[in-house]
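The values are calculated or read from the model by the stated rules, or taken from the named source; none is laboratory data. Bear in mind that the values here come from a model prediction, so they are computed numbers and not experimental data. Virtual Cβ from ideal backbone geometry, glycine too; neighbours counted across all protein chains shown.
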Amino acid sequence: MPVDAWLLAVLAILLAWPVPVALARAAWPKRHTRAAIALWQAVGIAGGLSLIGAPLAIGVAPLDGHLRTGLAELGRDAMHLRVPSALATPQEIALALAGMLTVRLVGVTSLSALRIERDLRRQRNAVDLAAEHADRQLRVLEHAAPAAYCLPGTRPRIVITEGTIAALAPDELEAVLAHERAHARWRHELVVQPFVAWESALPLPPARRAAAAVTTLVEMLADDHAARDVGRPALARALVAIGGTAGPIPNQSVNSSMITAASATAGTPTLTRVQRLVRKTPPPSLTERLIGPAVWLAAVALVAGPTWFLLR
Amino acid sequence: MANERAGTPRLGELERAVMDLLWATPEGSTAQELVERLATRDGGTELAPTTILTVLDRLRRKDFVDRERAGRAHRYRAVRTRDDVVAASMLAALETTDDRRSALVRFAGAVSAEEAALLREALAELEE
């Protein structure tokens with residue numbers, strides 16, 4: 001058995017479980033949101049590559065030391081409807097496993113994307129027809145409960161309720177809108193959706209934590225945009241006004257495909273976000289300043305490693 | 001392309017106008033009645049009946065309108081009231097579950113009473 005194929009398998013296991021768990025628990029990401037998101041994305045890409053690459057590499061190992069040439073040989077034989085004689089049952093099992101994983105990852109990801117697109121289309125139709133059009137992008141729903149959200153896409157809609165307007169001071173409302181506009185403008189859904197799909201494909205605690213962590217990081221990113229435009233105090237007050245008084249929405253039964261916004265621990269990210277806005281940050285130490293570049297470097301290495309292994 | 005750009009918002013506006021009329025008349029309307037009522041609203045200029053039928057067709061495909069036969073014409077009706085549509089939108093966007101299917105994120109999640117207190121405490125730090 002080639003050592004490097006097993007290294008890839010070890011990487012796949014690390015990236016599927018301990019790494020996301022540790023990353024979700026770390027404290028530094030809230031101070032380095034962009035770098036942290038890049039690292040999460042790298043963990044996802046490298047995780048997928050190694051998860052499929054490891055069984056492939058183990059499967060074709062007897063054909064050639066290199067995965068690419070080994071696969072080419074396998075492909076040539078497959079064209080003639082035969083399995084290379086060098087492959088025994090364990091290798092065939094590994095190859096079947098790689099095939100099944102590929103089908104599952106691709107299938108679940110496409111299904112998840114389709115489902116999200118369908119839900120969003122319904123939501124867009126509903127707010128376009130039933131809400132007040134405040135401007136090209138902003139929709140105001142006639143509802144007393146405060147709420148603000150973004151329907152992302154190429155023509156995004158920002159939705160608020162009359163209750164939101166009533167609950168907030170003008171600068172707080174401006175902060176909420178700046179936050180949602182940042183989501184819309186920077187297409188944050190493209191960051192979050194792959195992790196939602198990952199969670200559907202691998203319904204394990206680490207994947208759930210990854211999706212929750214990335215969702216919170218994206219909220220912090222939008223908070224930073226809003227804080228720059230409107231100031232931290234207004235945003236913090238808006239978060240407390242909406243997060244602290246909204247209370248649970250009546251627990252009616254709704255279509256299971258409905259869009260969800262928060263997990264059972266939804267409140268905790270809100271508190272972290274407020275604390276992040278109100279606490280004075282001491283000037284960063286040398287270590288603190290090195291975290292950012294180090295994380296970016298790790299992200300690049302994480303993607304480059306398995307890619308090089310698969311393509312060499 | 002230029003046509004499309006000019007055309008789509010126009011259709012969108014008409015869809016909203018037609019929905020407003022249908023929401024205001026729970027017993028439903030025929031296409032001809034809608035043409036007349038829109039003309040009254042806009043000060044006399046009548047739209048072509050085919051335009052209204054196109055709009056109604058789009059609304060039917062979006063599942064906002066259904067129709068039944070009424071003599072030689074069809075009577076069109078809103079499938080749900082406006083309040084129901086608004087309430088469903090809110091629930092869809094804000095529902096709290098573990099099953100996070102979409103990348104949609106609301107501004108701030110609902111919190112427990114305990115956490116609300118912590119939030120206000122955090123805010124007090126700001127005001128000091």
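Hey, can you tell me all the residues within region A:132-149 that are among the hydrophobic types (A, V, I, L, M, F, W, C) and at the interface with chain B (Cβ under 7 Å from one of its Cβ atoms)? Explain how you work it out, then say what you get.
First, the residues of region A:132-149 that are among the hydrophobic types (A, V, I, L, M, F, W, C): A:134, A:138, A:140-141, A:144-145, A:147-148.
Once the filter is applied, which keeps residues that are among the hydrophobic types (A, V, I, L, M, F, W, C) and at the interface with chain B (Cβ under 7 Å from one of its Cβ atoms), region A:132-149 yields A:Leu141, A:Ala145, A:Ala147, A:Ala148.
In the set A:Leu173, A:Leu97, A:Leu105, A:Leu120, which member is part of a helix (DSSP H, G or I), at the interface with another protein chain (Cβ under 8 Å from one of its Cβ atoms) and either touching a residue at least 40 places away in the same chain (Cβ under 8 Å) or charged (D, E, K, R) (or both)?
Among A:Leu173, A:Leu97, A:Leu105, A:Leu120, only A:Leu120 is part of a helix (DSSP H, G or I), at the interface with another protein chain (Cβ under 8 Å from one of its Cβ atoms) and either touching a residue at least 40 places away in the same chain (Cβ under 8 Å) or charged (D, E, K, R) (or both).
Would you be able to tell me the number of residues in region B:52-74 that are touching a helix residue (DSSP H, G or I) at 6+ places or on another chain (Cβ under 7 Å), more than 12 Å from every other protein chain (Cβ to nearest Cβ) and under 20 Å from B:Arg10 (Cα atoms)?
Count: 3.
Any residue at all in region A:237-245 that's modelled with pLDDT of 90 or more, more than 8 Å from chain B (Cβ to nearest Cβ), in contact with an Asp or Glu (Cβ under 8 Å, 6 or more places away or on another chain) and part of a helix (DSSP H, G or I)?
no
In the set A:Ala113, A:Ala57, which member is buried (at least 16 other Cβ atoms within 10 Å of the Cβ) and of a type outside the set (Ser, Thr, Tyr)?
That would be A:Ala57, the only listed residue that is buried (at least 16 other Cβ atoms within 10 Å of the Cβ) and of a type outside the set (Ser, Thr, Tyr).
Considering A:Ala126, A:Ala86, A:Ala38, A:Ala46, which residue is under 18 Å from the mean Cα position of the chain (by Cα) and either farther than 24 Å from A:Pro203 by Cβ or part of a loop (DSSP other than H, G, I, E, B) (or both)?
Checking each option against the conditions leaves just A:Ala38.
Assess whether A:Thr215 counts as being within 11 Å of chain B (Cβ to nearest Cβ), of a type in the set (Ser, Thr, Tyr) and without any contact (Cβ under 8 Å) to a residue 24 or more places away in the chain.
Here the answer is no, as A:Thr215 does not meet what is asked.
Kindly check whether there is at least one residue in region B:115-126 that is at pLDDT below 80 and part of a loop (DSSP other than H, G, I, E, B).
Looking for residues that are at pLDDT below 80 and part of a loop (DSSP other than H, G, I, E, B), one finds none in region B:115-126, hence no.
Can we say A:Ala145 is in contact with a strand residue (DSSP E or B) (Cβ under 7 Å, 6 or more places away or on another chain), modelled with pLDDT of 95 or more and small (Gly, Ala, Ser)?
no
Of the residues A:Thr164, A:Thr154, which single one is within 26 Å of A:Thr215 (Cβ to Cβ) and without any contact (Cβ under 8 Å) to a residue 12 or more places away in the chain?
The unique qualifying residue is A:Thr154.
Consider A:Ile52 carefully, then state whether it is surrounded by fewer than 19 Cβ atoms within 10 Å (Cβ to Cβ), in contact (Cβ under 8 Å) with a residue 24 or more places away in the chain and within 24 Å of the chain's Cα centre (by Cα). Before the answer, list the steps.
On the way: surrounded by fewer than 19 Cβ atoms within 10 Å (Cβ to Cβ): no; in contact (Cβ under 8 Å) with a residue 24 or more places away in the chain: yes; within 24 Å of the chain's Cα centre (by Cα): yes.
Here the answer is no, as A:Ile52 does not meet what is asked.
Mind checking which residues of region A:277-312 are within 14 Å of chain B (Cβ to nearest Cβ), assigned to a helix (DSSP H, G or I) and at pLDDT below 90?
Hit for region A:277-312 is A:Val278, nothing else.
Is it the case that B:Arg75 is in contact with a Gly (Cβ under 6 Å, 6 or more places away or on another chain), at pLDDT 90 or above and surrounded by 16 or more Cβ atoms within 10 Å (Cβ to Cβ)? Even if it seems obvious, please write down each step before you answer.
Working: in contact with a Gly (Cβ under 6 Å, 6 or more places away or on another chain): yes; at pLDDT 90 or above: yes; surrounded by 16 or more Cβ atoms within 10 Å (Cβ to Cβ): yes.
So B:Arg75 passes the test.
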